[in-house]
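What follows is one structure encoded as structure tokens, with my remarks underneath.
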Ligand code: ATR
């Protein structure tokens, strides 16, 4: 039986077991995917234990995505650029780190919109946490020409901007006023999430053909997406990013490329 798990601390909120077990059942695969609470201090020990138990690999969530870096034998270029690993493969005694979040972000847009080339050219990205790094990596890989990055703490945005010369940092206070040339507006902050304040932004200067997306998926329709939709902008919610980032990990663990269907969205909702 093929086995994989998601590790993190806390881990009880993770939707990954639901996703992977849905696909295991759908494709009739003899496999198991569970959540294992793993504080950072015992990550090395946990990986050794799971390798010994014959696991194919693991997904990582808070706070392990960066903590795992020194434990890896190999890392993909994209995980290196992002500075975080969400998928670990155990292969022939080696621990290999990958990151599928950038792929998940881009595929979610592609699934909803089709051809995204016009939207990725001049994105405006709000927030500078781990999610922002993955989003920006995805946008760069799709050929973004200039990415405007704003974060409440400007210094964190400045650090991310070292990833690539196409990233230009602006002050958080300018968020409503620098939208005239945006082809895409992305919220990667936690604002708008359940139990968090809404993102306070005016879309007055946003062109009506700009695509607006939020990586927050609880609620599915954030205030930002509502505001955008009312004025006629196309919007894409964040749930698909979660599903799409899991698909390549599932293929690595269980050898089957899963199809992202409506039913799985329904289950996660
Ligand atoms: P993740 O790794 O999931 O992206 P994170 O690292 O905690 O999560 O990042 C959260 C993002 O939301 C950060 O960009 C944070 O801004 P700071 O770097 O200034 O902390 C942003 N954020 C959280 N609460 C915010 C608030 N009240 N106003 C503005 N930005 C906020």
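Coordinate-derived values only; no laboratory data. Because the structure is predicted, anything quoted here is derived from the model rather than measured. No Cβ is skipped: glycine too gets one built from the backbone with ideal geometry, and neighbour counts run over all protein chains shown.
With a 10 Å radius around each residue's Cβ, average the other Cβ atoms per peptide and rank 91-97, 186-192, highest first.
On the way: 91-97: 14.3, 186-192: 23.4.
Final packing ranking: 186-192, 91-97.
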**Request:** Give the shape of the stretch 90-153 as rounded, prolate or oblate, defined through the alpha-carbon gyration tensor: a ≥ b ≥ c are the square roots of its eigenvalues, a/c under 1.5 means rounded, and otherwise the shape is prolate if a/b is larger than b/c and oblate if not.
**Result:** oblate
**Message:** Below 8 Å between Cα atoms, with a sequence gap of 6+, how large is the relative contact order for the stretch 1-65 in percent?
**Reply:** 53 percent
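So how do 21-27, 220-226 stack up, highest first, on mean other-Cβ count within 10 Å?
The densest-packed peptide leads the list: 220-226, 21-27.
What 222 nm value per residue comes from the helices of the chain, counting each DSSP H run with n ≥ 4 as -39,500 (n - 2.57) and dividing by all residues, nearest 500 deg cm²/dmol? Don't skip to the end; give the middle numbers.
On the way: 10 runs with 95 residues, N = 269.
It lands at -10000 deg cm²/dmol.
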**Relative contact order computed over the stretch 30-103 (Cα-Cα under 8 Å; 6+ residues apart), in percent** = 27 percent
**Message:** Need one number: % antiparallel among DSSP beta bridges in the chain, to the nearest 5.
**Reply:** 20 percent
**Message:** Using a Gaussian network model on the chain with a 10 Å cutoff between Cα atoms, which of 38, 100, 153 fluctuates the most?
**Reply:** 153
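Which value, to two decimals, describes the C-alpha radius of gyration of the chain once divided by 2.2 N^0.38 Å?
Values: Rg = 18.6 Å, N = 269, 2.2 N^0.38 = 18.4 Å.
So the chain has a normalised radius of gyration of 1.01.
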**Prompt:** For the stretch 139-266, what's the radius of gyration and Dmax over Cα atoms, in angstrom?
**Reply:** 16.2, 47
**Request:** Could you state the angle between the C-alpha long axis of helix 16-26 and the longest principal axis of the C-alpha atoms of the chain, as a value from 0 to 90 degrees rounded to the nearest 10?
**Result:** 70 degrees
**Complete:** With Cα coordinates, the longest principal axis of the chain makes an angle with the long axis of helix 101-113, in degrees rounded to 10, of 60 degrees
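Which whole-number percent gives the relative contact order of the stretch 108-260, counting Cα pairs below 8 Å spaced six or more residues apart? If you can, show how the numbers build up before the last one.
Numbers: 270 pairs, mean separation 30.1, N = 153.
Relative contact order of the stretch 108-260: 20 percent.
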**Prompt:** In degrees from 0 to 90, rounded to the nearest 10, what is the angle of the helix 130-141 Cα long axis to the longest principal axis of the chain?
**Reply:** 80 degrees
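Kindly rank 262-269, 238-245 from highest to lowest mean number of other beta carbons found within 10 Å of each residue.
Result, highest mean Cβ count within 10 Å first: 238-245, 262-269.
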